[in-house]
Each structure stands twice: as C-alpha cells, then as structure tokens.
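Contents: one structure, followed by commentary.
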Amino acid sequence: MCDQTFLVNVFGSCDKCFKQRALRPVFKKSQQLNYCSICAEIMATDGLHENETLASLKIEAESLKGKLEEERAKLHDVELHQVAERVEALGQFVMKTRRTLKGHGNKVLCMDWCKDKRRIVSSSQDGKVIVWDSFTTNKEHAVTMPCTWVMACAYAPSGCAIACGASGLDNKCSVYPLTFDKNENMAAKKKSVAMHTNYLSACSFTNSDMQILTASGDGTCALWDVESGQLLQSFHGHGADVLCLDLAPSETGNTFVSGGCDKKAMVWDMRSGQCVQAFETHESDINSVRYYPSGDAFASGSDDATCRLYDLRADREVAIYSKESIIFGASSVDFSLSGRLLFAGYNDYTINVWDVLKGSRVSILFGHENRVSTLRVSPDGTAFCSGSWDHTLRVWA
C-alpha cells in the first residue's frame with residue numbers, strides 16, 4: 001500500500017547518445033546508467049536473434065511460467081489445514097492493551113523492537129523518530145527528520161543505534177547512535193548511509209550493526225556498509241515499488257524476502273544479488289512480509305484483504321487467511337514466537353489473530369481509532385506492539 005506517489009523527473013545528458021533528454025535509470029551488471037527512452041529501447045533489443053522480438057520473448061516467458069506452475073501443482077498433494085486436523089484447537093485467547101504510547105503528532109508509519117525487549121523505536125508522518133521505554137511509556141530520545149513521511153525505522157542488533165529512512169527530499173537512510181545522555185543532539189552524530197532514487201519504504205539491519213538492507217519506491221532493494229556508506233549489493237527484479245522486506249532468522253542471514261506493488265514476493269540471496277524464489281498469488285500490493293520463526297516459510301499481508309503463507313521448501317503457497325467479512329487490506333503481519341499464531345493489522349482499525357495451522361481466526365483485537373499501519377512481536381514473544389494512523393502505538397499482552 002503506497003499512500004503517496006513521489007514522481008522524480010530527471011532531465012540531462014544520456015549516457016549513450018549524450019543528448020539532453022528526459023532520462024530513466026537502466027542497470028547493466030548492477031551499474032546504474034541514465035538512458036533516454038530511445039537508447040533504452042535499443043539496449044533492450046540488443047542480442048536478439050533473427051525473427052525474435054520482445055513480444056515473442058514475452059510469450060515464451062509466459063509459456064515457461066505456465067510449465068513451472070504445472071510442475072508446482074504436481075507437488076500440491078495436500079492442504080495445510082488438512083494436515084492440521086488432528087492438531088488440538090487453541091483454547092480461549094485473551095489479549096489486551098497494556099500500554100499506550102502517545103507523542104506523535106501524525107500517522108505512525110513504522111516501529112521496531114530493541115533486542116532488550118523493552119525499548120521501541122517508531123517513525124511518523126510528523127517527521128519525528130521517537131525511542132520509547134515500553135514499560136514506563138517515557139520517551140528516551142527524539143529526532144526530527146528534515147522531511148515528513150518517515151516510512152522506515154529499525155533498531156540495530158546491539159541496541160546502540162537506530163536507522164530511519166524518509167521520502168521526499170533526500171530519499172536517504174540515516175543511522176543515529178544512541179547514548180545515555182538524553183539531552184545530546186543526536187542529529188549532530190547522524191550518518192547518511194543509503195540513498196535511493198525514490199522514497200525509502202523499509203530498512204533492516206543485518207545480524208550486525210555494520211550492514212543495513214533498504215527497500216525503495218525505485219523498485220530495488222540494496223545492501224549497504226554502515227561505516228563507509230558504500231553500496232555492497234543491489235537487488236533488481238521487482239516491477240514496481242518495493243514496500244517491505246524481512247531478513248531470514250538464521251544466524252548466517254544470507255537471504256531476505258521482499259514484497260511490493262507488483263503483487264510479487266521475492267526471496268533474495270544477499271551474496272549473489274539474485275532472486276532465488278518468487279511468488280505471485282496476491283491480487284494487489286503486498287504491504288508486509290515476515291519469516292516464520294524457523295525460516296522455512298514466510299507470511300505476507302496485502303491490499304487484497306488476505307494474508308498468505310508460503311512454504312520455501314515446497315516452493316508454493318500453502319495457506320490463505322481470509323474471511324468474506326474482511327474487505328480491507330492487511331497492512332502488517334508478524335508471527336508469535338512459536339509460529340502458531342499470525343497477527344495481522346488491517347485498514348479497518350482492527351488486528352486479527354489467525355491460527356497458522358488451521359487457518360481459522362481465533363481473535364479480533366479492537367482499540368485503534370484508525371488504520372493499523374505497523375505491527376511487531378517483541379523479541380521474547382511476551383507481547384506485541386502496533387502502530388496506527390491514530391497517532392498512537394499500543395503494546396498488547
């Protein structure tokens with residue numbers, strides 16, 4: 001779900017014909033070049049054999065896709081809920097709002113937990129990034145960004161820094177070190193790490209403070225070195241804005257999944273920069289993706305009002321979480337620590353809790369007064385936090 005369109009017109013010298021024209025980015029061997037539309041079309045047809053056209057290649061690609069789906073279907077012998085029939089049903093499920101964090105002056109767009117299971121970082125359309133103590137509800141740090149629509153924020157694994165990315169003016173991801181001095185000017189220690197050609201939609205540290213993954217409205221994801229700001233790897237394959245990403249939960253952390261406005265969820269190898277698996281069963285934008293705790297599957301939430309579970313080993317979708325009464329999009333998803341529950345925030349102001357195995361809804365949580373935009377389970381699994389367009393965050397347990 002993209003709530004604002006950021007259009008960037010670049011006019012300048014084409015890197016191929018050197019004429020002054022409207023430009024668009026073209027990638028050759030991970031290097032970005034700026035070509036005019038004529039040169040871009042010429043480049044696209046380079047290497048075609050006799051009697052081959054782009055249209056014929058597209059038809060061939062669709063044919064290969066169809067064959068791949070046929071092979072996948074052969075392995076589709078049983079549904080997840082059928083396997084789970086003998087599993088005992090969940091008992092009565094009760095969760096309540098335990099804390100409400102108030103302080104943002106506009107829509108809360110993103111949040112993340114610190115590994116200490118206590119602190120939370122949140123970003124908002126008011127241009128502020130706030131670090132909270134979720135036990136006391138006190139604000140520990142606040143940073144005012146140079147532009148509004150701070151769509152991404154993340155805590156470093158050490159808990160000693162936060163990252164945040166904004167849209168609009170600079171499209172940068174910045175890292176701020178945290179100290180015990182709450183009066184210190186954090187903006188003075190800001191380090192600009194990543195820069196995209198369109199808005200920054202998501203960011204996540206890898207398993208160290210030294211590397212960060214970003215996703216952007218320019219249709220790419222990228223891996224950056226925090227210290228030098230150098231681009232380590234770029235990931236091209238989405239056909240539209242990338243809205244979300246999630247790093248695999250393994251210690252090695254060599255893969256991540258992304259979702260976007262092209263309705264695709266793609267799994268990437270961070271070392272090679274290649275897409276290793278792709279899933280295209282949603283009917284609208286994918287707003288959120290989250291790995292299953294074991295790393296063998298992931299869930300997605302979409303504007304098509306469904307959440308879906310994909311098994312990476314079976315290479316297919318294994319469950320759909322939906323009801324006819326749910327007509328609003330799912331904006332954010334996350335698993336309980338055991339993986340049995342899937343929490344999903346929706347644009348109808350509610351949070352639905354799904355039984356992952358049986359595919360049934362076990363609870364609806366009410367409390368927010370506008371759409372739920374972000375949701376994350378705490379590192380120890382004892383609570384989860386949701387952020388909303390009603391300007392607040394809520395801690396549930």
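Observations, loosely collected:
- Radius 14 Å from Cβ of D126, net charge of other residues (Lys, Arg +1; Asp, Glu -1): +3
- Heavy-atom SASA rank of F135, F298, F18 (probe 1.4 Å, accessible area, largest first): F18, F135, F298
- Cα lying deepest toward the dipole's positive end in the chain, options G127, L341, L23, charges on Cβ: G127
- The residues of the range 106-201 have, on average, 40 Å² of accessible surface per residue, using a 1.4 Å probe with all protein chains present.
- For S216, the residues 5 or more places off, or on other chains, whose built amide H falls under 5 Å of its own are S201, V242.
- Centroid-to-centroid separation of the range 327-385 and the range 143-181 [C-alpha atoms, Å]: 25
- Among residues other than A248 with Cβ under 13 Å from its Cβ, the summed charge is -2 (Lys and Arg +1, Asp and Glu -1).
- Radius 11 Å from Cβ of H282, net charge of other residues (Lys, Arg +1; Asp, Glu -1): -4
- Nonpolar atom fraction for the chain, defined as the carbon and sulfur part of the 1.4 Å probe accessible area, stands at 50 percent.
- Fraction of alpha-carbon pairs over 15 Å apart in the range 212-277 - percent: 47
- Area accessible to solvent at L80, 1.4 Å probe radius, in Å²: 40
- Heavy-atom accessible area with a 1.4 Å probe sorts F328, F279, largest first, into F328, F279.
- Size check on the chain: the Cα extents along the three principal axes, sorted descending, read 67, 58, 37 Å.
- Summed over qualifying helices (DSSP H, 4 residues or more, each -39500 (n - 2.57)) and divided by its residue number, the chain shows a 222 nm mean residue ellipticity of -2500 deg cm²/dmol.
- Surface accessible to a 1.4 Å probe, H104 within the full protein complex, Å²: 10
- Area projected by the alpha carbon convex hull of the range 174-297, averaged over all directions, nm²: 8.5
- Rounded Å value of the spacing that divides the Cα centres of the range 270-326 and the range 57-94: 11
The values are calculated or read from the model by the stated rules, or taken from the named source; none is laboratory data. Since the structure is predicted, the reported quantities are computational estimates derived from the model, not experimental observations. Because the Cβ atoms are built from the backbone with ideal geometry, glycine has one as well, and the counts that use them run over all protein chains shown. Just the protein is used for accessible areas: all its heavy atoms, side chains included, with ligands, DNA and RNA removed. Shrake-Rupley method; radii C 1.70, N 1.55, O 1.52, S 1.80 Å.
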